[in-house]
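A short write-up of the structure that comes next.
The values are calculated or read from the model by the stated rules, or taken from the named source; none is laboratory data. Quick caveat, the model's predicted, so the values are computed rather than measured. No Cβ is skipped: glycine too gets one built from the backbone with ideal geometry, and neighbour counts run over all protein chains shown.
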Amino acid sequence: MSGGAAGRPAGAPKDYFVLAIVGTILGACGCITLVTGILGIVNANKVRQCIASGDMAGAERASNTAKIFVIITWALLVLSWIVWIIMAATGRFSTS
């Protein structure tokens, strides 16, 4: 078995585990990003389980699902940061 990136077998799909973890931690204060991040982590872990059992088709499906949840998580994170910056710049957080 020849190794691919991060110790994966050659030809194995990406698991997006690190992106899912980081996105979940950064979005922990937002309910939606927390949910999508956790779903990304679950599917990233499923990729690893499928690869370990030799189910490359299942790993590919789980990888695609993990990728979608990671993209959604990061898009919502960036959007929430932009909204927060705009609100801070326009004084929407002032109490007076």
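Just need a number here: residues in the range 73-96 that are out of contact with any Leu (no Cβ under 9 Å at 6 or more places or on another chain) and closer than 30 Å to Ala12 by Cα.
Of the residues in that region, 3 qualify.
Select, from Ala57, Ala44, the only residue that is surrounded by 15 or more Cβ atoms within 10 Å (Cβ to Cβ), out of contact with any His (no Cβ under 9 Å at 6 or more places or on another chain) and at pLDDT 90 or above.
It is Ala44.
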